[in-house]
Structures are given as structure tokens and as C-alpha cells.
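Working notes, beginning with the structure itself.
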Amino acid sequence: MTGSELTAAPIADAMRLAMAQAELALGATSPNPPVGAVILDPDGVVVGVGHTQPAGGAHAEVMALRAAGDRARGGTAVVTLEPCNHTGRTPPCVDALLVAGVRVVAYAVPDPGAREGGGGARLAERGVRTIAGLLAADASGGAIRWWLQAQQRCRPFVLWKFASTLDGRVAAADGSSRWISSVQSRADVQVLRGQLDAIMVGVGTVIADNPALTARDRAGQLTGRQPLRVVLDRSGRIPPDSQVLDGAATTMVVNEPTPAAVLSALWDRGIRSVLLEGGPTVAGAFLQAGCIDEVVAYLAPKLLGAGPLSLADTGITTILDAVELDLIDVRRIGSDVRLVATVRVTPAGNEFAR
Ligand SMILES: NC(=O)c1ccc[n+]([C@@H]2O[C@H](COP(=O)([O-])OP(=O)(O)OC[C@H]3O[C@@H](n4cnc5c(N)ncnc54)[C@H](OP(=O)(O)O)[C@@H]3O)[C@@H](O)[C@H]2O)c1
């Protein structure tokens, strides 16, 4: 069997492998998307895999082609995003695929970029059999999901994370908020921190908890890539000895932080995803501005009955105006329950379109 005659099965398997590759690129590629690629030789054997390198480095297709070498000729390239047709900091991936002599290119998600898109059509014009939309729903719900939503909204994707008791308290009345959630939940948050481009808090959280806001491994060591730390501080209240100012990672202290302004500034800096770690005042402001896209909540089986709630005033007074979310994942993690829910798009969520 040759590359152009391969059945769908090995190509679909290769797409799943490419999606797993894309996961490895999460958090390290912005403003470029995290993409995975697999090269099959003409007999359908996997001869190369790759994922997007940090911005300015090789794209996934190029990494996979490098691994495949001459075995790519006459074979199939399987990519989670349409190969780019644009010269940015690297040459177009379409050219690399043509030079390598692949006969078939299968991709999952069309590239939404006006400059980068059109790669599939150009490959087809050059006689390459092109399969568009393979496992598109799975791939667009995978590693590339946050980047795709950022492109649609023209602002970074915002994931609001909080840990609370079952009665919704994020801290006790005496101000202690450490150890609300289990050790496993806290380890999960460390993984998340490594997957998004920036971590954001209000100055109230810095004053109350003095968090480091770094990504650390299971041994507590800093991981190789650190997200940008962002502190919203309108009146210069950040204590100079705060851990976020310790130099372990880059920190941006923003003093004109309407949600729209801060997200625009982060977009211009190449940030495509933000983990909003609170606290309740800033979360309320971002929700009210239509600037929260997804929520991850760690609910601990504890009750307090007093202390700040996860969300401060959003200006919503009637149930008809409640922000609607769609639950996309529920799992038990340590002694807690972790919920992930997407916020249904509101008109305010489109205010960044430009
Ligand atoms: N369990 C959890 O998941 C969790 C997470 C985070 C925090 N917490 C707890 O939450 C409590 C702190 O709550 P908090 O509400 O004070 O924290 P916060 O939301 O992190 O900080 C609020 C402060 O941010 C500043 N800010 C800057 N830009 C803002 C904007 N656009 N909109 C609103 N505020 C803006 C304001 O101070 P200025 O006006 O001076 O700029 C405001 O007082 C602590 O007890 C902490 O332990 C818990």
C-alpha cells in the first residue's frame, strides 16, 4: 500500500499521536499555536513525530520531517493544524512539505489566520492529496483549544482558577487560605501553570497570601519555563518584599488594569492564555467585563460559614442575568472535586474584535 492509498485508520491513529505531541508544546509556543505532527512513510509506518518549538523555532511539521528524513518521500504528513503558508520568523511549512515530497497531507483544524491560512489549498494546487478536517472536533478540543479561542476573541484566553470550600469560601475569616485544597489539587495547579502563558492575580491576593506564582515540579523545583506573572495593582500597594518580585520569573505589575486594557497589553506581548488565580475582586471584575472564558474550580469537602466567597460583586442581581456555564469535566482529585466549565459567550466577550 502506498501513501496515497493509505486507509483512514493509520491516518486517524497518526492524528491521535499528533494530538499527543501537541500537548507537549502547551505553554511554550505563544504567540504561535501548540501543534503536533506525524510523518508516515509510504507503507504507513510512523517515521517522524514533532511539535512546535518556542516562538522563532521550528514548527511541528518541520520537526517531524527532520526526524523522518528521506523516509518522508511519498509518505503522509498528519498535522493538528493546517500547515502555514506564510513566512514569519520561519519559512512556510507548506514549502517544507513540498520539498520533502510527501504525497498526502491530512490536517484537523483550518488555520484561522488571514496570513497563515490557505496552506491546504496551496498543497492541493501543487498536486498533494489534502485531507482537511480529520478528527477536527477532537483536535480543536485538545492542546490548540485555548489558542483557537484567543484568535477568535483577539485577546488572550482566560481560565479562572479557584479553590474553595463546599460553601464557596476561598479563605477563612482570619485571612488564612492556604491548604483549602488537597495536595493533589495543588499539584494539578502546578501543571496548569506550566501550560498557560501567564498567571494573573490582584494585589489583594499578593498582600494576603504572598504567593510565588511560579510553576514547580513535584519536587518543588522551578520548571524550565516560567509563565509571566501579572499583578493588577492600581495604587502601588504591592509590598516590595513580595515573592512575585523575587526574580524567579518575569513579573509585570500593571497599574491601569481594566480587564480590556490588561488583556490588550498581554496580547501585544505575545501572551495567548492567562491563568487568573483570583482573588474574588479581580475575578468579579473580569467576569463582569466578559473576560473569563473557562473556570476550573477545586471544591474541598470543608465548610467554613464565613470568609470571602470565590466571586465578589459582579453587578448581577437577578437569576435571569446569571452567567451560564457548560460543564465540560468533573473529576475527583485527592479529597476534592475538580470542575471545569466553559462560560457561554456573551456580547461583552466580543468587545475585543478588531
Ligand atoms: N482560594 C483561592 O483560590 C484564592 C485565590 C486568590 C485569593 N484568595 C483569597 O482572596 C482574598 C483576597 O481577595 P481580594 O479580592 O482582595 O484579591 P484580588 O482580587 O486578588 O485583589 C483585589 C485588588 O486588586 C486590585 N485591582 C487592580 N485592578 C483591578 C480591577 N480591574 N478590578 C478590581 N480590582 C482590581 C484592587 O486593589 P487596588 O484598587 O489597590 O488596585 C483590589 O482591591 C484573600 O483572602 C486570599 O487568600 C483565595
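The values are calculated or read from the model by the stated rules, or taken from the named source; none is laboratory data. All figures in this text were calculated on a predicted structure; none of them were measured in a lab. Because the Cβ atoms are built from the backbone with ideal geometry, glycine has one as well, and the counts that use them run over all protein chains shown.
Do the conditions hold for Val244, that is, is it β-branched (Val, Ile, Thr), over 18 Å from Leu339 (Cα atoms) and not in a loop (DSSP other than H, G, I, E, B)? Considered against the rule, which asks whether it is β-branched (Val, Ile, Thr), over 18 Å from Leu339 (Cα atoms) and not in a loop (DSSP other than H, G, I, E, B), Val244 comes out as yes.
For the residues Gly194, Gly236, Gly204, the requirement of being assigned to a helix (DSSP H, G or I), within 11 Å of the ligand (Cβ to nearest atom) and either more than 21 Å from the chain's Cα centre (by Cα) or surrounded by fewer than 23 Cβ atoms within 10 Å (Cβ to Cβ) (or both) singles out Gly204. Summed over segment 213-233, the residues that are surrounded by 15 or more Cβ atoms within 10 Å (Cβ to Cβ) and either touching a Lys or Arg at 6+ places or on another chain (Cβ under 7 Å) or closer than 18 Å to Val282 by Cα (or both) give a count of 10. Taking every residue in segment 263-277 that is within 16 Å of the ligand (Cβ to nearest atom) and pairing it with any residue that is part of a loop (DSSP other than H, G, I, E, B), at least 6 positions away or on another chain, the pairs with Cβ-Cβ distances below 6 Å are Leu263/Arg155; Leu263/Pro156; Leu266/Pro156; Val274/Pro156; Leu275/Leu196. Considered as a group, the residues in segment 207-226 that are farther than 22 Å from Gly278 by Cβ and among the charged types (D, E, K, R) include one that is farthest from the ligand (Cβ to nearest atom), and that residue is Arg225. Residues in segment 139-171 that are closer than 26 Å to Ala300 by Cα and surrounded by fewer than 19 Cβ atoms within 10 Å (Cβ to Cβ): Leu166, Asp167, Gly168. Restricted to segment 207-231, and to residues there that are free of Cβ contacts under 8 Å to residues at least 12 places away in the same chain and on the phi < 0 side of the Ramachandran plot, the residue that is nearest to the chain's Cα centre (by Cα) is Gly224. Residues of segment 152-211 that are aromatic (Phe, Trp, Tyr) and at pLDDT below 95: Trp179 alone.
Among the residues of segment 253-262, the ones that are more than 9 Å from the ligand (Cβ to nearest atom) and assigned to a helix (DSSP H, G or I) come to 1 in all.
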